[in-house]
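The values are calculated or read from the model by the stated rules, or taken from the named source; none is laboratory data. Remember, predicted model here, so these are calculated numbers, not experimental data. We place every Cβ from the backbone using ideal geometry, glycine too, and count neighbours over all the protein chains shown. To get the accessible areas, we keep the full protein, side chains included, count just its heavy atoms, and leave off ligands, DNA and RNA. Shrake-Rupley method; radii C 1.70, N 1.55, O 1.52, S 1.80 Å.
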Number of protein chains: 2
Amino acid sequence: MKILVVEDEPKLAGFLKRGLEEQSWEVELAYDGQVGKKMASNYRFDVIILDVNLPLLNGYDLARQLRNDGLSTPILFLTALGTIDDKLDGFEAGGDDYLVKPFEFRELIARVKVLAHRSTTREQSSQVLTIADLELNLDEKVARRSGNRIDLTAKEFALLEYLMRNRGRVVSRVDIAEQVWDIRFDTGTNVIDVYINFLRKKVDKDYPNKLIHTVVGMGYIFKEE
Amino acid sequence: MKILVVEDEPKLAGFLKRGLEEQSWEVELAYDGQVGKKMASNYRFDVIILDVNLPLLNGYDLARQLRNDGLSTPILFLTALGTIDDKLDGFEAGGDDYLVKPFEFRELIARVKVLAHRSTTREQSSQVLTIADLELNLDEKVARRSGNRIDLTAKEFALLEYLMRNRGRVVSRVDIAEQVWDIRFDTGTNVIDVYINFLRKKVDKDYPNKLIHTVVGMGYIFKEE
DNA sequence: CTTCAACGACTAGAATTTTCATAGGAACAG
DNA sequence: CTGTTCCTATGAAAATTCTAGTCGTTGAAG
């Protein structure tokens, strides 16, 4: 299950992300209303959690715009404002539920579950492999490192997927050749080396902690540190 | 719209009935859990409002039994108990929302509206798919972009519908061939490319933000950007 | 200490594949 | 028969995949 959290206060955002991920849900964060809108319209989430006070575009207006665009994903508002009129505004804007800060996390979980229950039944949620700050979205066919989008070609994607699925294990060139290239005998090619190099440029180059490591004489291993 | 209220305290029950009827909704009252259950199972309501403390059969057990019987009508719990654990019990029992007494009547109305809206929209199952400024009317078999009518042939329509239903994820040519053309093996055809081209001319050509994107070597993806 | 071989990193550009765009014919409906 | 829809075929353009090389490092032998 995939949840979008739009919350500008970093502390609360992190808290929400961690707490929701403990339910083994995937969580995407947006820190302002405009980014939130873009994410909500481009990808399918099961539930959207919206703070009301957001920079650039407030939660109510964001919800209204999404509803206007025909998005029916359940929306839960989260806010410090606790008066009735605020709540009514939230519902009027197209919200499905409303929770007032401070709240108990377990109640949030329960409400999110209820909201999700409806939408989960119709379509499967998105598939993502995540290791460290790198995630590979199998639906979008796109990788992200620390949130930065990385475009990959088909072969690059296939290779990275194979490495990530075998994280923590050394995979030999022969394994890779068979699984990714369908090569079953030694052709004396060096494609694999070349593509490892391509991946390193795109995935590891700009980041201090490398994820793709060479094990001389053995192959490659994908792991943190 | 029809609402069932199960509440044993006559004063509150009458208050609820009058208030809800002011919204020109039909309200049925039950004064204990067993009668409530009978009514809920025998007639179709849009929303059920359940007090938790009820004679003969308490609200949670009543909800559980209804859910067990396969009833999916939204349930809102109403109770004086306000602790987190009570709320969690309520959601666990199959409730969709939880309101603690005393409450503002307008908030009740708002929450009931949301619950009702969900069940009604769910049934008509959206005759219009909308993404960004493009809408696809499944009844009229017509698309509109920024309000401008776009006529599509049957195949164009089917392809666009498939893309829109899978917005945000890459669909391969094989997927499209199977789902839209019923081709289950590689025939070496290029119909899909041709029709993507047709759609682009009709849907994307005159507009700056494109919706149909190709992902080389993988397929196509429908999304804003 | 020097040399050489093995291995992997990395690059340029050639070869191949994939996609786009268009034209024209077959199939079909009215 | 006529107009529309659907599909095949084709060539150009774009993007990719892969080959063939150079370079650097390491470690062992001479």
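Over the heavy atoms of A:S72, what accessible area does a 1.4 Å probe trace out, to the nearest 10 Å²? Solvent-accessible area, nearest 10 Å²: 70 Å². Which angle from 0 to 90°, rounded to the nearest 10, does the C-alpha axis of helix A:154-165 make with the longest principal axis of chain A? With both axes taken from Cα atoms, the answer is about 80 degrees.
Most simply put, chain B has about 50% antiparallel DSSP beta bridges, counting only bridges with both residues inside it.
I need the shape label for region A:2-120. Rule: rounded when a/c is under 1.5, else prolate if a/b > b/c, else oblate, with a, b, c from the alpha carbon gyration tensor.
Since a/c stays below 1.5, the shape of region A:2-120 is classed as rounded.
The Cα atoms of the protein assembly as shown cover 87, 53, 43 Å along the three principal axes, with the biggest extent listed first. For the options A:Q127, A:Q179, A:Q65, a Gaussian network treatment of chain A with springs between C-alpha atoms closer than 10 Å singles out A:Q179 as fluctuating the most. Take A:K223: with every protein chain present and a 1.4 Å probe, its accessible area is about 80 Å². The same position B:D133 in the other copies lies at 3.7 nm from this copy, comparing label points 7 Å beyond Cα toward the beta-carbon, shortest first. Overall, chain A carries a charge dipole of about 600 debye about its Cα centre when +1 sits on the Cβ of Lys and Arg and -1 on the Cβ of Asp and Glu, all other atoms neutral. Label region A:1-63 by shape, choosing from rounded, prolate and oblate, from the square roots a ≥ b ≥ c of the eigenvalues of the Cα gyration tensor; if a/c is under 1.5 it is rounded, and otherwise prolate applies when a/b is larger than b/c, oblate when it is not. Judged from the Cα gyration tensor, region A:1-63 comes out oblate (a/c at least 1.5, b/c at or above a/b).
Within the protein assembly as shown, antiparallel bridges make up roughly 50 percent of the DSSP beta bridges whose residues both belong there. When only the Cβ of Lys, Arg, Asp and Glu is charged (+1, +1, -1, -1), the dipole of the protein assembly as shown relative to its Cα centre reaches about 1160 debye.
Rounded to the nearest 20 debye, the dipole magnitude of region A:122-218 is 220 debye, with +1 charges on Lys and Arg beta carbons, -1 on Asp and Glu beta carbons, and the Cα centre as origin.
Between the listed residues B:P102, B:G33, B:I212, the Cα displaced farthest toward the positive end of the dipole of chain B, a dipole computed from Cβ unit charges relative to the Cα centre, is found at B:I212.
Mind checking which aspartates and glutamates have their Cα closer than 16 Å to the Cα of A:K202? Skip sequence neighbours fewer than 8 apart in that chain. Cα-Cα hits under 16 Å: A:D133, A:E135, A:D151, A:E156, A:E161, A:D193.
When chain B is treated as a Gaussian network with alpha carbon springs shorter than 10 Å, the biggest mean-square fluctuation among B:F15, B:F185, B:F198 belongs to B:F185. With kT/(6 pi eta Rh) evaluated at 37 °C and eta = 0.692 mPa s, and Rh the Kirkwood radius from Cα pairs, chain A diffuses with a coefficient of 168 µm²/s according to Stokes-Einstein. Pair-distance distribution of region B:128-222: all C-alpha pairs, bin width 5 Å, starting at 0; shares per bin in whole percent are 2, 13, 27, 27, 19, 8, 3, 1.
Between B:I221, B:V52, B:T83, the Cα set farthest toward the positive side of the dipole of chain B (charges on each charged residue's Cβ, about the Cα centre) is that of B:I221.
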